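Chemist: Sharing a structure, written as C-alpha coordinates. Questions coming.
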Amino acid sequence: MLAISRCLLLLTLAPLASLCVAQPSPPPLPTRTVELASPAGHQVWDGVVEAIRDTTIAAQTQAKVLELPFEAGDSFTRGSVLARLSDVEQQADLRSARARLTAAQAEFRDAGIQWRRADELFKQHAGSHAQLDTAIARRDTSSAALDAAQAAVRNAEQQVGYTVIKAPFDGIVLRRFVRAGQAVQSGPPEPQPLLSIADLDSLRVDAVVPQSAAAAIRASNEATIQLDGAPEITSHRITILPYADPASHTFHIRVDLPDGVKNLYPGMTVPVAFSTPGKPRLLVPASAVVSRGELTGVYVLGPDQDLSLRQVRLGRESRIGIEVLAGLQAGETIVTDTTAAAQYLARRQAAGGPHP
(Lines give C-alpha, C1' and ligand atoms only; values in the text may rest on other atoms or scores of the structure.)
Protein backbone atom coordinates (compact mmCIF):
# COMPACT_ATOMS: atom_id res chain seq x y z
CA MET A 1 0.00 0.00 0.00
CA LEU A 2 2.86 2.33 0.81
CA ALA A 3 4.52 1.60 -2.52
CA ILE A 4 1.34 2.48 -4.37
CA SER A 5 1.11 5.85 -2.58
CA ARG A 6 4.69 6.67 -3.52
CA CYS A 7 3.96 5.94 -7.17
CA LEU A 8 0.92 8.18 -7.17
CA LEU A 9 2.94 11.00 -5.59
CA LEU A 10 5.64 10.73 -8.26
CA LEU A 11 3.07 10.82 -11.05
CA THR A 12 1.52 13.95 -9.57
CA LEU A 13 4.83 15.83 -9.25
CA ALA A 14 6.17 14.94 -12.72
CA PRO A 15 4.23 17.65 -14.71
CA LEU A 16 5.21 20.26 -12.13
CA ALA A 17 8.87 19.38 -12.52
CA SER A 18 8.66 19.81 -16.28
CA LEU A 19 7.23 23.29 -15.82
CA CYS A 20 10.22 24.30 -13.73
CA VAL A 21 12.68 23.64 -16.57
CA ALA A 22 14.00 27.05 -17.75
CA GLN A 23 13.13 28.01 -21.35
CA PRO A 24 16.10 29.16 -23.48
CA SER A 25 16.42 32.95 -23.46
CA PRO A 26 17.50 34.94 -26.54
CA PRO A 27 21.11 36.14 -26.54
CA PRO A 28 21.63 39.86 -25.79
CA LEU A 29 22.20 40.82 -29.41
CA PRO A 30 20.55 43.34 -31.76
CA THR A 31 18.33 41.44 -34.17
CA ARG A 32 16.00 42.05 -37.07
CA THR A 33 13.33 39.96 -38.74
CA VAL A 34 14.00 39.63 -42.46
CA GLU A 35 11.06 40.65 -44.67
CA LEU A 36 10.42 41.08 -48.36
CA ALA A 37 10.61 44.71 -49.43
CA SER A 38 9.64 46.48 -52.63
CA PRO A 39 11.78 49.60 -52.57
CA ALA A 40 11.55 52.16 -55.32
CA GLY A 41 14.21 51.40 -57.88
CA HIS A 42 16.02 53.65 -60.30
CA GLN A 43 16.78 53.16 -63.95
CA VAL A 44 19.37 55.39 -65.51
CA TRP A 45 19.61 56.56 -69.13
CA ASP A 46 21.72 59.25 -70.74
CA GLY A 47 19.90 62.39 -71.76
CA VAL A 48 20.85 65.45 -73.79
CA VAL A 49 20.44 68.95 -72.37
CA GLU A 50 18.51 71.31 -74.59
CA ALA A 51 17.08 74.80 -74.25
CA ILE A 52 13.31 75.02 -74.04
CA ARG A 53 13.50 78.29 -75.97
CA ASP A 54 16.07 78.36 -78.74
CA THR A 55 16.05 79.37 -82.37
CA THR A 56 18.22 80.09 -85.37
CA ILE A 57 17.84 83.61 -86.71
CA ALA A 58 17.89 83.49 -90.53
CA ALA A 59 17.91 86.13 -93.25
CA GLN A 60 14.45 86.93 -94.58
CA THR A 61 15.57 89.41 -97.22
CA GLN A 62 18.44 89.92 -99.65
CA ALA A 63 20.92 92.31 -98.02
CA LYS A 64 24.40 92.86 -96.66
CA VAL A 65 25.28 92.52 -92.98
CA LEU A 66 26.04 95.95 -91.53
CA GLU A 67 26.27 95.21 -87.82
CA LEU A 68 26.33 92.25 -85.42
CA PRO A 69 26.40 93.82 -81.94
CA PHE A 70 26.74 90.53 -80.01
CA GLU A 71 29.50 87.94 -80.08
CA ALA A 72 29.04 84.26 -79.26
CA GLY A 73 28.54 83.95 -75.51
CA ASP A 74 27.11 87.45 -75.08
CA SER A 75 23.82 87.85 -73.25
CA PHE A 76 20.97 90.04 -74.47
CA THR A 77 17.48 91.04 -73.47
CA ARG A 78 14.24 90.80 -75.37
CA GLY A 79 13.99 93.49 -78.04
CA SER A 80 17.75 93.99 -78.40
CA VAL A 81 19.00 94.45 -81.96
CA LEU A 82 20.86 91.24 -82.84
CA ALA A 83 21.70 92.15 -86.45
CA ARG A 84 21.34 95.13 -88.72
CA LEU A 85 21.28 94.65 -92.51
CA SER A 86 21.53 97.10 -95.38
CA ASP A 87 18.15 98.44 -96.56
CA VAL A 88 18.98 100.41 -99.73
CA GLU A 89 17.05 98.11 -102.06
CA GLN A 90 14.28 97.60 -99.53
CA GLN A 91 13.76 101.34 -99.05
CA ALA A 92 13.71 101.84 -102.83
CA ASP A 93 11.12 99.09 -103.21
CA LEU A 94 9.06 100.71 -100.47
CA ARG A 95 9.09 104.11 -102.19
CA SER A 96 8.13 102.47 -105.49
CA ALA A 97 5.28 100.56 -103.82
CA ARG A 98 3.97 103.70 -102.19
CA ALA A 99 4.05 105.52 -105.54
CA ARG A 100 2.06 102.71 -107.16
CA LEU A 101 -0.37 102.89 -104.27
CA THR A 102 -0.88 106.62 -104.84
CA ALA A 103 -1.58 105.99 -108.55
CA ALA A 104 -3.97 103.14 -107.71
CA GLN A 105 -5.86 105.33 -105.27
CA ALA A 106 -6.22 108.05 -107.94
CA GLU A 107 -7.40 105.54 -110.50
CA PHE A 108 -9.90 104.07 -108.04
CA ARG A 109 -11.33 107.51 -107.25
CA ASP A 110 -11.66 108.40 -110.96
CA ALA A 111 -13.21 105.00 -111.74
CA GLY A 112 -15.73 105.58 -108.96
CA ILE A 113 -16.69 108.96 -110.37
CA GLN A 114 -17.10 107.56 -113.90
CA TRP A 115 -19.21 104.67 -112.61
CA ARG A 116 -21.57 106.91 -110.67
CA ARG A 117 -21.92 109.21 -113.71
CA ALA A 118 -22.65 106.29 -116.07
CA ASP A 119 -25.17 104.88 -113.62
CA GLU A 120 -27.00 108.22 -113.34
CA LEU A 121 -27.13 108.63 -117.12
CA PHE A 122 -28.41 105.10 -117.54
CA LYS A 123 -31.20 105.75 -115.03
CA GLN A 124 -32.17 108.87 -117.02
CA HIS A 125 -32.09 106.83 -120.25
CA ALA A 126 -29.33 109.13 -121.49
CA GLY A 127 -26.63 106.45 -121.50
CA SER A 128 -26.38 102.96 -122.88
CA HIS A 129 -26.10 99.73 -120.96
CA ALA A 130 -22.68 99.10 -122.55
CA GLN A 131 -21.34 102.35 -121.14
CA LEU A 132 -22.55 101.38 -117.68
CA ASP A 133 -20.93 97.93 -117.97
CA THR A 134 -17.64 99.52 -118.98
CA ALA A 135 -17.75 101.86 -115.98
CA ILE A 136 -18.53 98.99 -113.61
CA ALA A 137 -15.65 96.91 -115.01
CA ARG A 138 -13.24 99.82 -114.62
CA ARG A 139 -14.42 100.38 -111.05
CA ASP A 140 -13.88 96.72 -110.11
CA THR A 141 -10.51 96.59 -111.86
CA SER A 142 -9.28 99.71 -110.10
CA SER A 143 -10.50 98.34 -106.75
CA ALA A 144 -8.51 95.14 -107.27
CA ALA A 145 -5.46 97.17 -108.33
CA LEU A 146 -5.79 99.26 -105.17
CA ASP A 147 -5.85 96.12 -103.00
CA ALA A 148 -2.75 94.82 -104.77
CA ALA A 149 -0.96 98.14 -104.31
CA GLN A 150 -1.78 98.19 -100.59
CA ALA A 151 -0.48 94.62 -100.22
CA ALA A 152 2.71 95.58 -102.07
CA VAL A 153 3.29 98.43 -99.64
CA ARG A 154 2.80 96.14 -96.64
CA ASN A 155 5.23 93.61 -98.14
CA ALA A 156 7.80 96.34 -98.84
CA GLU A 157 7.47 97.64 -95.27
CA GLN A 158 7.98 94.12 -93.99
CA GLN A 159 11.11 93.72 -96.11
CA VAL A 160 12.46 96.91 -94.56
CA GLY A 161 11.62 95.51 -91.13
CA TYR A 162 13.61 92.37 -91.91
CA THR A 163 16.77 94.47 -92.08
CA VAL A 164 16.63 95.11 -88.30
CA ILE A 165 16.52 91.82 -86.40
CA LYS A 166 15.49 91.99 -82.74
CA ALA A 167 15.67 89.36 -80.01
CA PRO A 168 12.39 87.49 -79.40
CA PHE A 169 13.36 86.64 -75.78
CA ASP A 170 16.10 87.08 -73.18
CA GLY A 171 19.00 84.79 -73.93
CA ILE A 172 22.55 84.28 -75.10
CA VAL A 173 24.21 84.02 -78.51
CA LEU A 174 25.35 80.46 -79.08
CA ARG A 175 26.91 80.89 -82.51
CA ARG A 176 27.42 83.43 -85.29
CA PHE A 177 27.22 82.14 -88.85
CA VAL A 178 28.09 85.37 -90.73
CA ARG A 179 30.36 88.39 -90.44
CA ALA A 180 29.81 92.10 -90.96
CA GLY A 181 30.01 92.99 -94.64
CA GLN A 182 28.87 89.57 -95.81
CA ALA A 183 25.96 89.36 -98.26
CA VAL A 184 23.07 87.17 -97.15
CA GLN A 185 19.96 85.91 -98.86
CA SER A 186 16.58 84.54 -97.93
CA GLY A 187 16.80 81.69 -100.42
CA PRO A 188 16.42 79.58 -102.39
CA PRO A 189 16.90 76.84 -101.39
CA GLU A 190 16.46 78.05 -97.80
CA PRO A 191 17.07 81.19 -95.73
CA GLN A 192 20.70 81.75 -94.76
CA PRO A 193 21.29 81.39 -90.97
CA LEU A 194 22.73 84.42 -89.16
CA LEU A 195 22.73 83.62 -85.44
CA SER A 196 21.85 80.77 -83.10
CA ILE A 197 20.40 81.92 -79.78
CA ALA A 198 18.96 80.24 -76.68
CA ASP A 199 17.56 80.99 -73.25
CA LEU A 200 19.87 79.18 -70.81
CA ASP A 201 17.63 79.90 -67.82
CA SER A 202 15.00 77.44 -69.10
CA LEU A 203 16.52 74.04 -69.84
CA ARG A 204 15.29 70.49 -70.14
CA VAL A 205 16.81 67.05 -70.69
CA ASP A 206 15.66 64.81 -73.51
CA ALA A 207 16.13 61.08 -72.85
CA VAL A 208 15.20 58.06 -74.95
CA VAL A 209 13.84 55.07 -73.00
CA PRO A 210 12.44 51.68 -74.07
CA GLN A 211 8.69 51.30 -74.20
CA SER A 212 8.82 48.75 -71.36
CA ALA A 213 9.87 51.52 -68.94
CA ALA A 214 7.52 54.26 -70.13
CA ALA A 215 4.50 53.26 -68.01
CA ALA A 216 6.51 53.07 -64.77
CA ILE A 217 8.13 56.44 -65.44
CA ARG A 218 4.74 57.97 -66.16
CA ALA A 219 3.41 56.59 -62.86
CA SER A 220 6.32 57.81 -60.72
CA ASN A 221 6.63 61.21 -62.43
CA GLU A 222 10.06 61.80 -60.90
CA ALA A 223 13.52 62.13 -62.37
CA THR A 224 16.93 62.92 -60.92
CA ILE A 225 19.74 64.53 -62.89
CA GLN A 226 23.10 63.29 -61.65
CA LEU A 227 25.98 65.74 -62.04
CA ASP A 228 29.65 65.21 -61.23
CA GLY A 229 30.72 67.29 -58.26
CA ALA A 230 27.33 68.96 -57.88
CA PRO A 231 24.10 68.27 -55.99
CA GLU A 232 21.51 66.13 -57.70
CA ILE A 233 18.63 67.92 -59.42
CA THR A 234 15.18 66.42 -58.89
CA SER A 235 12.31 67.28 -61.21
CA HIS A 236 8.64 66.36 -61.23
CA ARG A 237 7.92 68.09 -64.55
CA ILE A 238 8.15 65.15 -66.93
CA THR A 239 6.61 64.93 -70.39
CA ILE A 240 6.44 61.64 -72.29
CA LEU A 241 5.89 62.36 -75.96
CA PRO A 242 2.73 60.53 -77.09
CA TYR A 243 4.34 58.41 -79.78
CA ALA A 244 7.00 55.70 -80.02
CA ASP A 245 9.70 55.29 -82.62
CA PRO A 246 8.43 52.46 -84.86
CA ALA A 247 11.97 51.21 -85.56
CA SER A 248 13.48 51.20 -82.05
CA HIS A 249 10.21 51.08 -80.02
CA THR A 250 11.44 53.85 -77.74
CA PHE A 251 9.88 56.96 -76.25
CA HIS A 252 11.32 60.45 -75.92
CA ILE A 253 10.99 61.82 -72.39
CA ARG A 254 11.51 65.49 -71.60
CA VAL A 255 12.50 66.48 -68.08
CA ASP A 256 12.10 70.20 -67.37
CA LEU A 257 14.80 71.54 -65.05
CA PRO A 258 14.30 74.25 -62.42
CA ASP A 259 14.97 77.78 -63.63
CA GLY A 260 18.47 79.10 -63.19
CA VAL A 261 20.37 75.79 -63.14
CA LYS A 262 24.09 76.47 -63.49
CA ASN A 263 26.85 74.62 -65.36
CA LEU A 264 24.48 72.97 -67.81
CA TYR A 265 24.53 73.88 -71.48
CA PRO A 266 22.62 72.68 -74.56
CA GLY A 267 24.21 69.63 -76.11
CA MET A 268 25.68 68.21 -72.89
CA THR A 269 25.03 64.57 -71.99
CA VAL A 270 23.91 63.85 -68.42
CA PRO A 271 22.67 60.67 -66.69
CA VAL A 272 18.97 60.78 -65.80
CA ALA A 273 17.64 58.44 -63.12
CA PHE A 274 13.91 57.70 -63.24
CA SER A 275 12.10 56.31 -60.18
CA THR A 276 10.40 53.00 -60.92
CA PRO A 277 8.60 50.51 -58.64
CA GLY A 278 10.95 47.75 -57.53
CA LYS A 279 10.19 44.04 -57.41
CA PRO A 280 9.96 42.34 -53.98
CA ARG A 281 13.43 41.58 -52.66
CA LEU A 282 14.91 40.12 -49.48
CA LEU A 283 17.10 42.83 -48.00
CA VAL A 284 19.50 42.75 -45.06
CA PRO A 285 21.51 45.65 -43.64
CA ALA A 286 25.17 45.81 -44.52
CA SER A 287 26.05 45.56 -40.82
CA ALA A 288 24.56 42.04 -40.72
CA VAL A 289 26.87 40.61 -43.41
CA VAL A 290 30.15 38.95 -42.47
CA SER A 291 32.89 37.89 -44.90
CA ARG A 292 35.50 35.28 -44.06
CA GLY A 293 37.65 34.61 -47.08
CA GLU A 294 35.34 33.22 -49.75
CA LEU A 295 32.53 32.75 -47.26
CA THR A 296 29.78 35.36 -47.05
CA GLY A 297 27.14 34.85 -44.42
CA VAL A 298 24.83 36.22 -41.77
CA TYR A 299 24.24 35.21 -38.18
CA VAL A 300 20.79 33.60 -37.89
CA LEU A 301 18.89 33.17 -34.65
CA GLY A 302 16.83 29.97 -34.81
CA PRO A 303 13.44 29.28 -33.20
CA ASP A 304 15.20 27.70 -30.20
CA GLN A 305 17.35 30.83 -29.78
CA ASP A 306 20.34 28.96 -31.17
CA LEU A 307 22.76 31.28 -32.97
CA SER A 308 24.54 30.07 -36.11
CA LEU A 309 26.50 31.51 -39.02
CA ARG A 310 24.80 30.73 -42.33
CA GLN A 311 26.27 31.15 -45.79
CA VAL A 312 24.23 33.32 -48.18
CA ARG A 313 24.50 34.52 -51.77
CA LEU A 314 24.16 38.27 -52.15
CA GLY A 315 22.94 40.46 -54.98
CA ARG A 316 23.05 44.20 -55.53
CA GLU A 317 23.63 46.67 -52.74
CA SER A 318 21.50 49.79 -52.42
CA ARG A 319 21.11 52.61 -49.95
CA ILE A 320 18.58 50.62 -47.91
CA GLY A 321 20.32 47.24 -47.79
CA ILE A 322 21.88 44.31 -49.60
CA GLU A 323 19.76 41.87 -51.58
CA VAL A 324 19.92 38.21 -50.52
CA LEU A 325 19.48 35.84 -53.46
CA ALA A 326 19.84 32.50 -51.61
CA GLY A 327 20.42 31.10 -48.12
CA LEU A 328 17.81 33.08 -46.21
CA GLN A 329 14.04 33.22 -46.07
CA ALA A 330 11.56 35.89 -45.12
CA GLY A 331 10.54 35.70 -41.47
CA GLU A 332 13.90 34.53 -40.16
CA THR A 333 15.76 36.52 -37.52
CA ILE A 334 19.29 37.78 -38.09
CA VAL A 335 21.80 39.58 -35.91
CA THR A 336 22.66 43.06 -37.15
CA ASP A 337 25.96 43.35 -35.23
CA THR A 338 28.39 40.75 -36.57
CA THR A 339 31.13 41.64 -34.08
CA ALA A 340 28.84 41.16 -31.10
CA ALA A 341 27.57 37.86 -32.58
CA ALA A 342 31.10 36.52 -33.07
CA GLN A 343 32.07 37.46 -29.49
CA TYR A 344 28.94 35.78 -28.14
CA LEU A 345 29.71 32.54 -29.97
CA ALA A 346 33.34 32.66 -28.78
CA ARG A 347 32.22 32.99 -25.16
CA ARG A 348 29.74 30.17 -25.58
CA GLN A 349 32.39 27.92 -27.13
CA ALA A 350 34.84 28.74 -24.33
CA ALA A 351 32.14 27.78 -21.84
CA GLY A 352 31.76 24.42 -23.53
CA GLY A 353 28.76 25.23 -25.73
CA PRO A 354 28.22 23.81 -29.23
CA HIS A 355 30.18 25.27 -32.17
CA PRO A 356 28.06 27.05 -34.82
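The values are calculated or read from the model by the stated rules, or taken from the named source; none is laboratory data. Everything quoted here is computed from the prediction, not taken from an experiment. Glycine also receives a Cβ, built like all others from the backbone with ideal geometry; neighbour counts cover every protein chain displayed. We work out accessible area using only protein heavy atoms, side chains counted, and drop any ligands, DNA or RNA first. Shrake-Rupley method; radii C 1.70, N 1.55, O 1.52, S 1.80 Å.
Chemist: Packing-wise, with mean Cβ within 10 Å as the measure, how do 261-268, 154-161 rank, highest first?
Modeler: The densest-packed peptide leads the list: 154-161, 261-268.
Chemist: Separate question: Can you classify the chain as rounded, prolate or oblate using the Cα gyration tensor, where a ≥ b ≥ c are the square roots of its eigenvalues, rounded means a/c under 1.5, and otherwise it's prolate if a/b beats b/c and oblate if not?
Modeler: Here the chain falls in the prolate category.
Chemist: Then there is this: Taking a label point 7 Å from the Cα of F177 along the Cα→Cβ vector, which residues of the stretch 62-99 have an amide N closer than 18 Å to it?
Modeler: Backbone N within reach: 62-73, 82-86.
Chemist: Per residue, how many Å² of accessible area does the stretch 100-147 show with a 1.4 Å probe?
Modeler: 68 Å²
Chemist: Something else: Amide H to amide H under 5 Å from A59: which residues, 5+ apart in sequence or cross-chain, H placed 1.01 Å off N in plane?
Modeler: Here Q192, L194 satisfy the definition.
Chemist: Taking amide H atoms as placed 1.01 Å from N in the peptide plane, list the residues 5 or more away in sequence, or in a different chain, whose amide H sits under 5 Å from that of L314.
Modeler: L325
Chemist: Scan the chain and note any complete DSSP helix (H) whose C-alpha atoms cover at least 20 Å along its axis and whose Kyte-Doolittle average is -1.0 or more.
Modeler: Answer set is 2-19, 88-123, 129-161.
Chemist: How large is ³J(HN,Hα), in whole Hz, for each residue of the stretch 259-265 in order, when computed from phi with the Karplus curve 6.51 cos²θ - 1.76 cosθ + 1.60 and θ = phi - 60°, using x for Gly and Pro?
Modeler: Karplus values, whole Hz, x for Gly and Pro: 5, x, 5, 9, 6, 10, 9.
Chemist: So, in nm, how far is label A215 from label A72 when the simple model puts each one 7 Å beyond its Cα toward the Cβ?
Modeler: Here the modelled spin labels are 4.7 nm apart.
Chemist: First check a/c for the stretch 120-268, with a ≥ b ≥ c the square roots of the eigenvalues of its C-alpha gyration tensor; if it is under 1.5, answer rounded, and if not, answer prolate when a/b is larger than b/c or oblate otherwise.
Modeler: Cα axes put the stretch 120-268 in the prolate bin.
Chemist: Is the shape of the stretch 72-155 rounded, prolate or oblate, going by the alpha carbon gyration tensor and its root eigenvalues a ≥ b ≥ c, with a/c under 1.5 for rounded and a/b larger than b/c for prolate?
Modeler: It comes out prolate by the Cα gyration axes.
Chemist: Figure the gain on full extension for A92 and E232 (residue separation times 0.36 nm, minus the Cα-Cα span) and round it to one decimal in nm.
Modeler: So the extension gain works out to 44.6 nm.
Chemist: Quick one: net charge around A51, please, counting Lys, Arg +1 and Asp, Glu -1 for every other residue with C-beta under 10 Å from its C-beta.
Modeler: Local net charge: -2.
Chemist: Leaving out ligands and nucleic acids, and using a 1.4 Å probe, what accessible area per residue does the stretch 259-356 come to in Å²?
Modeler: Heavy-atom SASA per residue in the stretch 259-356 reads 57 Å².
Chemist: In addition: Residue-wise, which Karplus ³J(HN,Hα) couplings in Hz belong to the stretch 315-329, taking 6.51 cos²θ - 1.76 cosθ + 1.60, θ = phi - 60°, and x for glycine or proline?
Modeler: x, 7, 9, 10, 5, 10, x, 10, 6, 9, 8, 7, x, 8, 10
Chemist: Another question, if that's okay. Between A346 and K279, with labels modelled 7 Å along Cα→Cβ, what's the label distance in nm to one decimal, could you check?
Modeler: Each label point lies 7 Å from its Cα, and together they span 4.1 nm.
Chemist: How many percent of the accessible area of the stretch 211-356 is carbon or sulfur, using a 1.4 Å probe?
Modeler: Roughly 50 percent of what the probe reaches on the stretch 211-356 is carbon or sulfur.
Chemist: Same structure, new question: What is the set of long-range amide H partners of L85 at a cut-off below 5 Å, with H atoms built 1.01 Å from backbone N?
Modeler: Amide H to amide H, under 5 Å and 5 or more residues apart or across chains, L85 pairs with L66, V164, I165.
Chemist: Can you tell me what percent of all Cα-Cα pairs in the stretch 205-356 are more than 22 Å apart?
Modeler: The share of Cα pairs beyond 22 Å in the stretch 205-356 comes to 60 percent.
Chemist: Right, next: I'd like to know which of G260, A198, T141 lies farthest towards the positive end of the charge dipole of the chain, counting +1 on Cβ of Lys and Arg and -1 on Cβ of Asp and Glu.
Modeler: Checking the options against the dipole of the chain, the answer is G260.
Chemist: What does the charge dipole of the chain about its Cα centre add up to, to the nearest 20 debye, if the Cβ of each Lys and Arg holds +1 and the Cβ of each Asp and Glu holds -1?
Modeler: 480 debye
Chemist: OK, next. Tell me the mean residue ellipticity at 222 nm calculated for the chain from its helices only (DSSP H runs of n ≥ 4, each -39500 (n - 2.57), averaged over every residue, nearest 500).
Modeler: Computed ellipticity for the chain at 222 nm equals -11000 deg cm²/dmol.
Chemist: Related question: Just to confirm a number: summing +1 for Lys and Arg and -1 for Asp and Glu over residues other than A156 whose beta-carbon lies under 14 angstrom from that of A156, what do you get?
Modeler: Here the count lands on 0.
Chemist: May I ask for the net charge around E71, where only other residues with Cβ less than 14 Å from the Cβ of E71 are counted and Lys, Arg are +1 while Asp, Glu are -1?
Modeler: Net of charged neighbours comes to +1.
Chemist: Calculate the radius of gyration of the Cα atoms of the stretch 292-348 to one decimal place, then report Dmax, the largest Cα-Cα distance, as a whole number, both in Å.
Modeler: 11.9, 34
Chemist: Let me ask another. How many nm is it between the label spots at A326 and H252, if each spot is 7 Å from the Cα in line with the beta carbon?
Modeler: Spacing of the two 7 Å Cα→Cβ label points: 4.6 nm.
Chemist: Here is a further query. What residues from the stretch 153-180 fall in the zone where the backbone N is under 15 Å from a label point 7 Å along the Cα-to-C-beta line of S80?
Modeler: Answer for this model: 165-176.
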